[in-house]
Amino acid sequence: MLRTLILSTTALVVLAAPAMAQQQATELEEVIVTGSQVTIPAPYPGGQVARGARVGLFGALANLDTPFAVTAYTEELARNQQARSVGDVLQNDPAVRVSKGFGNFQELYVIRGFPVYSDDMTYNGLYGILPRQFVAAEFLERVEVFHGATAFLNGAAPGGSGVGGAFNLMPKRAGSEPLTRATVGLEGGGEVYVAADVARRFGADNDYGLRLNIARRDGESGIEDQERTLNVIGLGLDRRGERARFSADIGWQDHHIDAPRPTVTPAGAIPDAPDASSNFAQPWTYTDEEQLFGVARGEFELSNDVQAWAAVGGRSGTEANVLANPTAQPDGTISAYRFDNTREDTIWSGDVGVRAELSTGSVDHRLVASASQVQSKSENAYAFSSFAGFASDLYNPVDVAPPVPDFFIGGDLDDPGVTERVRNASVAIADMMSFMDGRLMVTAGARYQEIETRSYDYNTGAPLSSYEGDAVTPAFAVVYKPIEEISLYANYAEALIPGQTAPAVSGGVPVTNAGEVLSPFTGEQAEVGMKYDVGRFGGSVSLFRTTLPSAYVENNVFAANGEQRNQGLEIAFYGAPREGLRLLGGWTLLDAELTRTAGGALDGNTPIGAPEVQGNLNVEWDVPQLTGLTLEGRIVYTGEQEANADNTVQLDSWTRFDAGVRYDFQAGGRPLTARARIENVADEDQWVAVGGFPGANYLTLGAPRTLSISVSAEF
């Protein structure tokens, strides 16, 4: 399948090549406000990705100037694909696969073989602000995907993920032209969708802008008896001044799912995938979350060469779940028990910095210093029914009366107490040096980080343990442009993971350093690559190697004895090589290996859920015979994945085909767009992910063939 994907992609690029050179000159005029912390880069030809992205403390950079692999997906792409969440947008990235959280319905993203939790994404550059479980696409102007370790650029992710990459979500902004767009749609088994998107600019020079988004989804999805209600409100304000730029955003999201289809943990061999439209969830299960969040960011030109910025944001969220995630035998027999939990989060996040540009002889410098902090308070409670559980079947589910969750209880579900407080603080400095009239750029910097975590008893609130650690994460990078259309880059960067606490007992034997908190784990990344941009078509090729320590007990001592090494090749492409033709995709080859395990028992094994091959190809074609008509198709391929640590059970490779059509036309003097899209055209029944949370091997069943239709009108 991958060979077919590569050959198809190559053929399309070759066919498009003659038109690239003809259209090159006209598309190189748009300028990125280099280093801006507020202004975002313009879309690339084709409108599916942007010309650059926010690169941590360096702000907005053009793709060819960025010494890391970055792709920024646009609101236009999300709207045309009728994306429901950030996870739907990320289905377009050949290095990313979407999974689920451990025992819940949190979207989780795997990049370069390592997970990124949804609450470890940044919103307009700040950690901790976004909803934990699910982020609706209606909030988003850009989904910026950063491939590789980012502890230096953004600080350590508060949830401890982000080794293989990071995601920054940019809120919507008012454009230069007024916008009033209304959308109605229908999806799956009868889920109704309505949305409004309104934007205006005002002031003497249209300096100020407002963007309001309201959306609601309600009804049964394509999965039997799974019903969802989603309410979304997002409001953004921005100011485009010559010396001062400002933005402020507030969002509210209320998301509820009844009978959400759970993940399944295999007990031995993987059972055959059931019908993709079937639902083996118990009818009394549900997941519910309500989140209020916001962020404000401003930047100020103190002089022609000095800029300062500041940002602050926060989130208040509540969650309640009643779940029953089953374990499955190879024949499809399943067992499960009830798990209730409630959670309340309060998070504050901030970032300040200054950038100065100066020259020393023939060398230009961009000096940056920044400081950031994230602090959170979590209140949690849980209750389990008897672990003996109840029986059912994947293929012929049996509804049971809800068991009483009185077997194992922690805290009060109606009034959870504080169970964790976290504070991450950091200071970073960097120098981006430019030589040879900008053809050679060398970046060096370091970030000092402090991580504090305190945990408390669920029932009494008494302190249980505390952790304080610090580390310095350096970064070095080089970009060289032999010609205007090509840049070569190399980087060394690090990821930072909070240290783990030694357990009291392991394998029935006391641990001699029980309670000791290990120093933060530092993952190391080395990468080289090439980027190209011929005006209307661009892409990148990168080779990377990442190593990450892990901890286990050896000789009765808990220490950072283990290591995982992921290395691979990524190829990505995007743009409009011919008029009316848009391409987006690429592929990833990954060699992931456990290199130091307890007693060497698993040395050389592949980690769970790390496919050797994955690829995407998305093609859009404007039909010349009928103005306004566009056809779209996408192939998503994921190779075989190991489903246990011993590498004796594998998840088969899978392929999904999506297709869509949209038609832009006028009716009554109003612009209208009709869209229809089918995901999983072949209606394949397939497990599409194994694990996601480190060490876990639960399975996620892919969605059935799902038709989404909508009509948008602009007034």
Correct option for semi-axes √(5λ) of the Cα gyration tensor in Å [calculated from the coordinates] among [x] 47, 27, 22; [y] 52, 34, 23; [z] 37, 32, 26: [z]
Counting only helical runs of four or more DSSP H residues, what would the 222 nm mean residue ellipticity of the chain come to if each run contributes -39,500 (n - 2.57) and the total is spread over all its residues? -1500 deg cm²/dmol
Taking amide H positions as placed 1.01 Å from N in the peptide plane, with prolines and chain starts having none, which residues 5 or more places from Val511, or on another chain, fall under 5 Å of its amide H? Val505, Ser506
For Lys377, Lys531, what's the largest-to-smallest order of accessible area, 1.4 Å probe? Lys377, Lys531
Spin-label pair Asp275/Ile486, simplified geometry with 7 Å Cα→Cβ offset, distance in nm: 5.5
Given Cα pairs under 8 Å that are at least 6 residues apart, what percent is the relative contact order of the chain? 12
Quantify, in whole percent, the carbon and sulfur part of the accessible surface of the chain (1.4 Å probe; protein heavy atoms only). 56
If you take the alpha carbon radius of gyration of the range 399-530 and divide it by 2.2 N^0.38 Å, what ratio comes out, to two decimals? 1.68
Please turn the phi angles of the range 367-383 into ³J(HN,Hα) values with the Karplus equation 6.51 cos²θ - 1.76 cosθ + 1.60 (θ = phi - 60°), one per residue in order, whole Hz, x for glycine and proline. 8, 10, 9, 8, 9, 9, 8, 10, 9, 9, 10, 10, 10, 9, 8, 8, 7
With label points set 7 Å from each Cα along the Cα-to-Cβ direction at Glu684 and Ala551, the distance between them in nm comes to 4.0
Inter-label distance for Met436 and Leu358, nm, one decimal - labels placed 7 Å from Cα along Cα-to-Cβ: 2.6
With Cβ to Cβ distances under 13 Å as the rule, what net charge do the other residues near Leu235 carry (K, R +1; D, E -1)? 0
Please calculate the 1.4 Å probe accessible area of Glu344, with all protein chains present, and give it to the nearest 10 Å². 70
With θ taken as phi - 60° and the coefficients 6.51, -1.76 and 1.60, list the Karplus ³J(HN,Hα) couplings across the range 101-113 in order, rounded to whole Hz; mark glycine and proline as x. x, 8, x, 9, 10, 5, 5, 9, 10, 10, 10, 6, x
Calculate, for Asp414 and Lys377, the FRET efficiency according to 1/(1 + (r/R0)^6) with r their C-beta to C-beta distance and R0 22 Å; round to the nearest 0.05. 0.75
Equivalent ellipsoid semi-axes for the range 94-136, as square roots of 5 times the alpha carbon gyration tensor eigenvalues: give them largest first, rounded to whole Å. 17, 14, 8
Given a Förster distance of 22 Å, the FRET efficiency implied by the Cβ-Cβ spacing of Arg200 and Gln666, rounded to the nearest 0.05, works out to 0.45
Hey, what do the phi angles of the range 434-444 turn into as Karplus ³J(HN,Hα) couplings, whole Hz, using 6.51/-1.76/1.60 and θ = phi - 60°, x for Gly and Pro? 10, 10, 6, 6, x, 6, 10, 10, 10, 10, 9
Straight-line reach only, C-alpha to C-alpha below 25 angstrom: list the lysines that Lys481 could link to, leaving out same-chain residues fewer than 8 apart. Lys531
In Å², what does the accessible area per residue of the range 251-327 work out to with a 1.4 Å probe? 32
The range 477-544 - Rg over Rh from alpha carbon coordinates, Kirkwood radius: 1.39
What percent do you get for the relative contact order of the range 329-432 when only Cα pairs under 8 Å and 6+ apart count? 37
Taking a probe of 1.4 Å, how large is the accessible area per residue of the range 508-553, in Å²? 39
Over the range 625-664, give the accessible area per residue in Å² for a 1.4 Å probe, as an integer. 45
Listed by chain and number, the residues whose amide H is under 5 Å from that of Phe114, excluding neighbours fewer than 5 places away on the same chain and using placed H, are Gly164
Percent breakdown of C-alpha pair distances by 5 Å bin, ordered from the shortest bin, for the range 346-396: 4, 10, 10, 8, 8, 8, 7, 8, 7, 6, 6, 5, 5, 4, 3, 0
Within the P(r) computed for the range 561-629, what percentage of the Cα pairs occupies the region above 16 Å? 64
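The values are calculated or read from the model by the stated rules, or taken from the named source; none is laboratory data. Every value quoted in this text rests on a predicted model; they were computed, and no experiment measured them. Every residue, glycine as well, gets a Cβ built from its backbone with ideal geometry; the counts of neighbours run over all protein chains shown. These accessible areas exclude ligands, DNA and RNA; they are computed on the full protein's heavy atoms, side chains included. Shrake-Rupley method; radii C 1.70, N 1.55, O 1.52, S 1.80 Å.
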